[in-house]
1. Starting from residues that are touching a Leu at 6+ places or on another chain (Cβ under 7 Å) and assigned to a loop (DSSP other than H, G, I, E, B), keep the ones in region 1-23 and report whichever is nearest to THR83 (Cα to Cα).
2. Looking only at residues that are within 17 Å of LEU69 (Cβ to Cβ) and of a type in the set (Gly, Ala, Ser) in region 127-152, which one is surrounded by the most Cβ atoms within 10 Å (Cβ to Cβ)?
3. Take ILE165 and tell me if it is assigned to a helix (DSSP H, G or I), in contact with a Phe, Trp or Tyr (Cβ under 7 Å, 6 or more places away or on another chain) and in contact (Cβ under 8 Å) with a residue 24 or more places away in the chain.
4. Within the group PRO46, PRO16, PRO25, which residue is closer than 22 Å to THR177 by Cβ and either under 19 Å from the mean Cα position of the chain (by Cα) or modelled with pLDDT of 70 or more (or both)?
5. Taking region 112-126 as the search range and keeping residues that are closer than 22 Å to LYS68 by Cβ and out of contact with any strand residue (DSSP E or B) (no Cβ under 8 Å at 6 or more places or on another chain), which one is surrounded by the fewest Cβ atoms within 10 Å (Cβ to Cβ)?
6. Have a look at THR41, THR83 and point out the one that is under 19 Å from the mean Cα position of the chain (by Cα), assigned to a strand (DSSP E or B), within 22 Å of SER176 (Cβ to Cβ) and at pLDDT 85 or above.
7. One residue is enough: does region 24-33 have a residue meeting the conditions in a loop (DSSP other than H, G, I, E, B) and touching a residue at least 12 places away in the same chain (Cβ under 8 Å)?
Amino acid sequence: MMTLVDFADPGLVILPAHRLVRSLPQSSLDNLNNGLNTLFTVEELPIGELGAHGQLDVWLSEDDGEVKLLLYGTGRERLSRLTLRDFNAVRPMMPHFHSDLYQKLDVSIVDHVILEDLLGLTHESAGGYVDYTNDAIEAIKRVREHEFQLAVILNPVKPQAIKAIADSGDRMPRKSTYFYPKVPAGIVFYRFK
C-alpha cells in the first residue's frame with residue numbers, strides 16, 4: 001500500500017519517534033553519563049508536573065539549528081537537555097556510507113552515538129531493549145512507572161530534511177518519523193457488510 005502526500009500540505013504532521021530503553025545493567029548507565037558529559041553540554045531542567053507538551057517543545061527548540069535532545073531516567077526527577085558540542089567529535093561514530101544530512105539528524109545522533117556507541121546496543125540487539133512512542137509525556141511516564149530506564153525525547157524531523165535525504169538517494173534512520181494522520185488501512189483490507 002502506498003500513499004502520496006504533498007510536503008506543503010498544512011495538515012501534514014510529522015511526529016518524532018522517541019526512544020525508550022530498558023533492561024540495561026547499571027554499569028551501562030554509569031558509562032552513559034560519562035560519555036554524555038564528554039560529547040554534550042548537559043543542562044538539568046526541573047520536570048515538575050507532566051502535561052506540558054509545549055514546555056518540552058520549547059526546551060528542545062531553543063537555539064534552533066543545534067542538535068538538542070532531552071533525556072529522562074538518570075535517577076533524578078529532572079530532564080537532562082543535551083546539546084551536541086561538536087559534530088566532528090561524533091562523526092567517527094556515524095556510518096560512513098550515509099550522507100551528511102543523515103548523520104546530522106537528531107535521531108541519527110541518538111541511534112548511532114547514544115544507543116550504539118555509548119550504550120553498546122547494536123541495530124540487531126536493540127529490539128529487546130528499545131521501544132518507541134510518539135508521545136513525549138507518555139515516554140516520561142513509562143520511565144517513572146519503571147517500565148523503562150531511559151527516555152530520549154527528540155525533535156521532529158522537518159519535511160524539508162526528509163525530502164533532501166530522499167533526493168540525495170539516502171534513507172531515513174529506522175523509526176525516525178511518525179506521519180499523522182495515519183491512512184485508514186483497514187478499509188482496504190476488511191470487507192464491511
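The values are calculated or read from the model by the stated rules, or taken from the named source; none is laboratory data. Note that the structure is predicted; figures quoted are calculated from it, not measured. Cβ: placed from backbone, ideal geometry, glycine included. Neighbour counts: every protein chain shown.
1. Checking each candidate, the answer is PRO16.
2. By that ranking, first place goes to ALA139.
3. Numbers: assigned to a helix (DSSP H, G or I): yes; in contact with a Phe, Trp or Tyr (Cβ under 7 Å, 6 or more places away or on another chain): yes; in contact (Cβ under 8 Å) with a residue 24 or more places away in the chain: yes.
When the stated conditions are applied, ILE165 passes them.
4. Numbers: PRO46 fails: closer than 22 Å to THR177 by Cβ; PRO25 fails: closer than 22 Å to THR177 by Cβ.
Selected residue: PRO16, the only one of PRO46, PRO16, PRO25 that is closer than 22 Å to THR177 by Cβ and either under 19 Å from the mean Cα position of the chain (by Cα) or modelled with pLDDT of 70 or more (or both).
5. Going through region 112-126, the residues closer than 22 Å to LYS68 by Cβ turn out to be 112-119, 121.
Still in the running and out of contact with any strand residue (DSSP E or B) (no Cβ under 8 Å at 6 or more places or on another chain): 112-113, 116-118.
Values: HIS112: 21, VAL113: 23, GLU116: 18, ASP117: 16, LEU118: 19.
Here the residue is ASP117.
6. On the way: THR41 fails: within 22 Å of SER176 (Cβ to Cβ).
Matching residue, one of THR41, THR83: THR83.
7. In the first step, residues of region 24-33 are kept if they are in a loop (DSSP other than H, G, I, E, B); the result is 24-25.
Checking which are touching a residue at least 12 places away in the same chain (Cβ under 8 Å) leaves us with 24.
Yes - at least one qualifying residue is present in region 24-33.
Results for (1) within 21 Å of ALA8 (Cα to Cα); (2) at pLDDT 90 or above; (3) among the basic types (Lys, Arg), shown as yes or no for each residue.
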residue	(1), (2), (3)
LEU150	no, yes, no
GLN160	yes, no, no
LYS175	no, no, yes
VAL188	no, no, no
LYS193	no, no, yes
